[in-house]
Amino acid sequence: RIIQEALTNTLKHAGPANATVTINYTDSSIELKILDDGRGPAPAPTQLISGRGLIGMRERVSLLGGDLQTVEAPGGGFLVKAVLPLAGRIS
């Protein structure tokens, strides 16, 4: 759901853009990175307040005990990075 929401935000806010999704696993966590090369979020506060995409992602990640970063990417674009613990997984 985090990847879906990040890509939806790219479509809605980035303008013409490409997006890359990277999934990395370790023994203890999974890392999701969604990076686009678009113009980033709209500067108008009304547009940022009307959506719940970033808030919803933050809530989901928090419920799982993870960490979420949502930032303008160096050189342009926007980065969503979630690190989710794999605690309790069956080996």
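Could you work out the local net charge near residue 16, counting Lys and Arg as +1, Asp and Glu as -1, over the other residues with Cβ closer than 12 Å to its Cβ?
Within the 12 Å Cβ shell, the charges total -1.
Using a simple spin-label model with points 7 Å from Cα along the Cα→Cβ vector, what separation in nm is obtained for residue 67 and residue 52?
Each label point is offset 7 Å from its Cα along the Cβ direction, giving 2.8 nm.
Every number here is computed from the coordinates shown, using simple stated rules; none is lab data. Since the structure is predicted, the reported quantities are computational estimates derived from the model, not experimental observations. Methodologically, a virtual Cβ is constructed for each residue, glycine included, from the backbone with ideal geometry; neighbour enumeration extends over all protein chains shown.
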